[in-house]
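What follows is one structure encoded as structure tokens, with my remarks underneath.
The values are calculated or read from the model by the stated rules, or taken from the named source; none is laboratory data. What you are looking at is a predicted structure, and each value in this text was computed from that prediction instead of being measured. Cβ atoms come from the backbone with ideal geometry, glycine included; neighbour counts cover every protein chain shown. Side chains included, ligands, DNA and RNA excluded: accessible areas come from the protein's heavy atoms. Shrake-Rupley method; radii C 1.70, N 1.55, O 1.52, S 1.80 Å.
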Amino acid sequence: MAANDAGALAIEQVAVHFQSRAGRSVTALEDITLSIPPRQLAVIVGPSGCGKSTLLRLVAGLNRPSAGRITLDGRPIKGPGAERGMVFQSYTLFPWLTVQRNVEFGPELKGVAAAERGRRAQALLQEVGLAGFEDAYPSQLSGGMMQRVALARALANEPEILLMDEPFGALDSQTRALMQELLLGIWEHHHKTVLFITHDIDEAIFLGDVVHVMTARPGRIKATLPIDLPRPRGPELLTTPAFAALKREVMALLRAEALAAAGPA
Amino acid sequence: MIDLLAPKTEIPAGLHLALGAAALLSLLGLWCLLSYGGYVRPDFLATPGQVLLAGWKGVRTGTLFGHIYSSLVVILAGFALASLLAVPLGILMGSFQAVAAVLEPITGFMRYLPVSALIPLLILWIGIGIEQKIAVIFLGTFFQQLILIADVSARVSKDLIDVSYTLGASRAQVVTRVLLPACLPGVMDNLRVTMGWAWTYLVVAELVAANSGLGYMILNAMRGLFTDVILLGIFVIGLLGLLTDLLFKLLRRWLLPWSASF
Ligand SMILES: Nc1ncnc2c1ncn2[C@@H]1O[C@H](COP(=O)(O)OP(=O)(O)O)[C@@H](O)[C@H]1O
Ligand SMILES: [Mg+2]
């Protein structure tokens, strides 16, 4: 297990410019500075196309910033690494591996012994409610089940931080609500740093310790709202006045950005 | 009530089979009518009975098996060589832009060339032995396979590759443990399709200086207007093609049980 204070993410004055093939330069992110302490569940909301995925990919090491720097526990990020687990919106299980082998994929690459990684996978599958599905192939699972396996697979590497890019965005609303509760349960148990991206305001407030609201492209941090709602959180939270007040606040912030993103009417 | 005229609507399996059988039987009926009825001269169209007789003769004397064997050697050798090269190259071409940049102009040019146009050069360069016949099958399938498999490789989701990196995979591991298996179903499907195309090149392959093979048998029968033997050759090629297709189908189901589409 990682030390208790591992998983401190610092993003300092990061900018990303994409070069289109025609040579045009597009600024996706501008002057992003964020500090996420260990074990925090930080959520980023923003209009679509504002650079949320780009930001998460920088932390994952899949893209490089054009300016600025990102460190995890003081170490600069140079490329992808197993200490930063990621769950994508699209279904990314390996279709040729069983559920069990999918979860074991990371530990297997690391050379973790078969017995140990099998035990780890079993425990995680139990935790995400998929005990009994070890030998199923991804094509036999529903969307929600696939994302639960993807979460277990990311956790099997015992990462310091979990990066989630709209992981429940493709699920129906009932399934999504269940997945949010499942994620909170897992987070409360493992207590890892989580950087969660969404464009769903309810989801952001329900999950987050803090919600960072981004501007339309080029993405900047427009506001940071601490979410001082009690934990553990359940579905009844959604109907409380405190939740409604926060939701109004985030909605007002995002509405201006959505209008900007949509362009002149 | 079954609505046959509604597009994209399922019909019962029994009806599906019955329609197919009806089509085959009508064709056979038309053949019988034309040949037995004397509407067409025998040196234009042999009767079904004559074709069966020619087949029986070929089986009894063993010459038919000799022809089948020769053709199978040519087809399988040409196809295997092409596949052995096209599968790895195609996978690289679809996922590495540098490989694509190198290969695209060549394949783009070669894929539209009729293989028969290359036969004179093949004869000059590698003679008229079995190598030349294998080369015809090779050239007929290789470039098509390359393009189809490159496309399979290009369609592997970028997120699948990226998630592998975040799980700790190196570049080499991403290629061997993710890209390769992810391509397998598409590779199998396209090998199956191009195997069918390889059969269509058989007669062209056996056009020059052959002394056995189904293509040769057909070409040879043409000189004597032996339409029974010509038709026999056509049916045998069709049946063998069907058989290899079935084998590929079973192989895919057996090798890749996790990939559902058939
Ligand atoms: N590889 C890339 N090359 C060029 N432009 C890109 C690339 N990736 C993203 N972009 C652009 O950057 C912007 C932000 O994209 P993204 O991070 O996916 O937004 P979000 O996840 O918030 O919807 C978009 O305008 C997108 O078109
Ligand atoms: Mg996105």
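When the other protein chains are added to the chain by itself, burial of at least 20 square angstrom of heavy-atom accessible area (probe 1.4 Å, ligands and nucleic acids ignored) affects these residues of region B:234-262: B:Trp258.
Computed with the Debye formula from one identical point scatterer per Cα of chain B, without solvent, the log10 of I(q)/I(0) at q = 0.08, 0.16, 0.17 Å⁻¹ comes to -0.46, -1.22, -1.27. Can you pull the percent of Cα pairs in the protein assembly as shown with separation above 36 Å? The answer is 52 percent, as a whole percent. Per residue, the convex hull spanned by the alpha carbons of region A:177-249 comes to 92 Å³.
GNM remark for chain B: springs join alpha carbons under 10 Å apart, and the peak mean-square fluctuation among B:Val51, B:Val174, B:Val236 falls on B:Val174. Under a Gaussian network description of chain B, with springs only between Cα atoms under 10 Å, the residue in B:Leu27, B:Leu246, B:Leu148 that fluctuates furthest is B:Leu27. The charge dipole of chain A, taken about its Cα centre with unit charges on the Cβ atoms of Lys, Arg (+1), Asp and Glu (-1) only, comes to about 760 debye. A 1.4 Å probe run over region B:1-99, with the rest of the protein chains in place, finds 68 Å² accessible per residue. Annotation: lysines with alpha-carbon distance below 29 angstrom to B:Lys57 (same-chain offsets under eight excluded): B:Lys133. Convex hull volume of the Cα atoms of chain A, normalised per residue: 146 Å³. Computed from Cα positions, the angle between helix A:143-155 and the longest principal axis of chain A comes to roughly 80 degrees.
Treating only the Cβ of Lys, Arg, Asp and Glu as charged (+1, +1, -1, -1), what charge dipole size does the protein assembly as shown show about its Cα centre? Round to the nearest 20 debye.
Roughly 940 debye, rounded to the nearest 20.
Of B:Lys8/B:Lys249; A:Lys78/B:Lys158; A:Lys52/B:Lys158; A:Lys52/A:Lys78; A:Lys52/A:Lys110; A:Lys52/A:Lys247, which ones are farther than 27 Å apart at the Cα? Violating the 27 Å Cα-Cα cut-off are A:Lys52/A:Lys110.
Helix B:63-95 and the long axis of chain B differ in direction by around 20°, with both axes built from C-alpha atoms. What list of whole percents do you get for P(r) of region B:180-262, with Cα-Cα distances grouped in 10 Å bins up to the one holding the largest distance? Answer for region B:180-262: a P(r) of 17, 37, 23, 16, 7, 0 percent. Largest first, the extents of the alpha carbon coordinates of region B:1-93 on the three principal axes equal 54, 51, 22 Å. For A:Ala223, the amide hydrogen comes within under 5 Å of the amide hydrogens of A:Val213, counting only partners 5 or more places away or on other chains and with H modelled in the peptide plane. With viscosity 0.692 mPa s and temperature 37 °C, the Kirkwood radius over alpha carbon pairs of region A:93-158 converts through Stokes-Einstein to a diffusion coefficient of 291 µm²/s. Relative to the globular-protein estimate of 2.2 N^0.38 Å, the Cα radius of gyration of region A:1-95 stands at 1.16.
Nearest 10 degrees, 0 to 90: what angle lies between the long axis of helix B:130-154 and the longest principal axis of chain B (Cα atoms)? Between the helix axis and the principal axis of chain B, the angle is about 40 degrees. Over chain A, with a Gaussian network built from C-alpha contacts below 10 Å, which listed residue (A:Ala216, A:Ala204, A:Ala136) shows the highest mean-square fluctuation? Of A:Ala216, A:Ala204, A:Ala136, the most mobile in the Gaussian network model is A:Ala136.
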